[in-house]
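Working notes, beginning with the structure itself.
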Amino acid sequence: MKSLFLIVVYLVVVTLPLILSAWVGGPPRQFHQELASGLGILAFSMILMEFILSGRFKAISNGVVMDVTMRFHQIMARTALVFALLHPFLYQGTPSGGHRPWDPTRELTITSDFSVLSTGIAAFLLLPSLVLLAIGRTQLDFRYETWRLLHGIGALLIAVLLFHHTVYAGRYGSQPVMTWVWLAMTGVAVGSLLTVYLFVPLLQKTRPWRVTSVVQLTPKQWEVTVKPDGHRGLDYTAGQFAWLNVGHSTFSMKENPFSICSAPAAGPELSFMIKELGDFTRTVRQMKTGTVAYVDGPYGNLSVDGRAEPGVALIAGGVGLAPLLGILRQMRLNGDLRKVKLIYGNRVIDQIAYGEELAAEDVVYVLSEPPETWHGETGFIDAALIDRVFSEKEFSEWVFVMCGPAIMMDIVEDHLIKRGTPSHRILSERFNYD
């Protein structure tokens, strides 16, 4: 119900400027002119809503599921891009010049005043650059912090440019009512950006953490544990994640999302399982105990708390074990009697973490590059393996929780649905998006 409510709110907010424009805009013009204006209005309102869909607002991301929020964010960004690119080309044959803002007949649509057209042209060029940079940031090998800064600045600049262009070059945006509507929506969008980059960092300064241990789990995987410094800690559920900043100012862009592998029942300390992949993670081995850290969270919905299923299936690929380990630890500390099966896949045997702890569990290990002495499962986590591990009854009654490479989760999810597992019993967490 909350998801449905948020979708309705989104549709109302996005279409409100279009409805109001039709109400106050005067007599209709030719179809292609109205379509051009309509697409421009929708594109601008969708772009402003993208600020809210950034994933950093818990009321939205924790209510709808982070995966869905971010995927929706991406789809709407691309849709807005298409609308924005089509918008100016549909004005062909429309009169230009004349008095500003509009002539008494309200037939004039395009101004020849370059000062107001220039902001629209600039936004027209910046928007596809911003979207393409987001899609291809991995291939372009951008540092995450650099990309995030550019993305935030670019989005803010586009919002300001489009506000000026809409109000001073648009037939409908020049109406006083619409000017105030656009001003309010732009203000909310900019305010959301300031909340993430200014208000939240200020709040974090009052709630510091300290690194208590840095433990090497495998050649390239570490467990970093932090404890609250002068406050109660974080109210979270097992399976959630948080943004971690170690050794930097709260205003630094050097924070990254990591799943929490500790259990709330274990106390206020937080543990994160971190694999060396990017610029920040390669420095984990250099962390010193006592270093100040900051935590922004919790986020995510990967939790089995309060669920009534008789069993829990945990399917992990690589470092995707982290949130599932947190769930497993919480169940054991709470004396949860539900049955648990864990499938844990890695490339080589040296990547298996927490082997001693998992020895007491019903675990199926999978290696894609096993040694000659390996007697466990080989290959990848696929449909055939899933069928060997779970029974028909477990497919229909258990809850399945998975985290790992996107391709693994897609294969597993498709097969579970084929075997009759209801979608509400399939939980997943994705950190990578195309």
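The values are calculated or read from the model by the stated rules, or taken from the named source; none is laboratory data. Owing to the predicted nature of the structure, the values given are computational and were not obtained by experimental measurement. Cβ: placed from backbone, ideal geometry, glycine included. Neighbour counts: every protein chain shown. The area values use the complete protein model at the heavy-atom level, side chains included, leaving out ligands, DNA and RNA. Shrake-Rupley method; radii C 1.70, N 1.55, O 1.52, S 1.80 Å.
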Report summary line: Projected onto the charge dipole of the chain (unit charges on the beta-carbon of Lys, Arg, Asp and Glu, signs +1, +1, -1, -1), the Cα from Leu416, Gly297, Leu385 with the largest positive-side position is that of Gly297
Query raised in the report: For helix 31-50, what angle does its Cα long axis make with the longest principal axis of the chain, in degrees from 0 to 90 and rounded to 10?
Result: 40 degrees
Query - Cα-centred dipole magnitude for segment 313-412, charges only on beta-carbon of K, R (+1) and D, E (-1), debye, nearest 20 - result: 320 debye
Requested in this report: Could you name the lysines whose alpha carbon sits less than 30 Å from that of Lys393, not counting residues in the same chain fewer than 8 places away?
Outcome: Lys339, Lys341, Lys418
Query raised in the report: Once the whole set of protein chains is in place, how much accessible area is left on Met253, using a 1.4 Å probe, in Å² to the nearest 10?
Result: 40 Å²
Query raised in the report: Size of the dipole of segment 119-233 about the Cα centre, Lys and Arg at +1 and Asp and Glu at -1 on the beta carbon, nothing else charged, in debye to 20?
Result: 280 debye
Report summary line: Looks like segment 358-434, by Cα gyration tensor root eigenvalues a ≥ b ≥ c and the a/c under 1.5 rounded cutoff (else prolate when a/b is bigger than b/c, oblate otherwise), is oblate
Report summary line: Scalar couplings 3J(HN,Hα) for segment 387-398 by Karplus 6.51 cos²θ - 1.76 cosθ + 1.60 (θ = phi - 60°), nearest whole Hz, x for Gly and Pro, are 5, 6, 8, 10, 8, 4, 5, 5, 4, 8, 10, 7
Query raised in the report: Which of the listed residues, Thr237, His32, Met185, is farthest toward the dipole's positive end in the chain, when Lys, Arg count +1 and Asp, Glu count -1 at the beta-carbon?
Result: Met185
Report summary line: For Asp350 the rounded accessible area (nearest 10 Å², probe 1.4 Å, non-protein molecules ignored) is 100 Å²
Requested in this report: Can you bin segment 213-362 into rounded, prolate or oblate? Criterion: square roots of the alpha carbon gyration tensor eigenvalues sorted a ≥ b ≥ c, rounded for a/c under 1.5, prolate for a/b above b/c, oblate for the rest.
Outcome: oblate
Requested in this report: Measure off, as a whole percent, the carbon and sulfur share of the 1.4 Å-probe accessible area of the chain, all protein chains present.
Outcome: 64 percent
Report task. Could you tell me which of Phe72, Ser21, Ala123 has its Cα farthest along the dipole of the chain towards the positive end, charges placed at Cβ (Lys, Arg +1; Asp, Glu -1), taken about the Cα centre? Result -> Ser21
Query - Length added when fully stretched, Ala360-Phe199, from 0.36 nm per residue minus Cα-Cα - result: 53.5 nm
Report task. Let me know the charge dipole size of the chain about its Cα centre in debye, to the nearest 20, where only the beta-carbon of Lys, Arg (+1) and Asp, Glu (-1) is charged. Result -> 1020 debye
Query raised in the report: Tell me, what ³J(HN,Hα) does each residue in segment 205-213 have, in order and in whole Hz, if you take phi through Karplus 6.51 cos²θ - 1.76 cosθ + 1.60 with θ = phi - 60° and put x for Gly and Pro?
Result: 4, 8, 10, x, 10, 10, 6, 9, 7
Query raised in the report: By its C-alpha gyration tensor, with a ≥ b ≥ c as the square roots of the eigenvalues, how is segment 230-296 shaped: rounded for a/c under 1.5, else prolate for a/b larger than b/c, else oblate?
Result: prolate
Query raised in the report: Between Ile75 and Asp410, what FRET efficiency follows from the Cβ-Cβ distance if R0 is 22 Å, with the result rounded to 0.05?
Result: 0.85
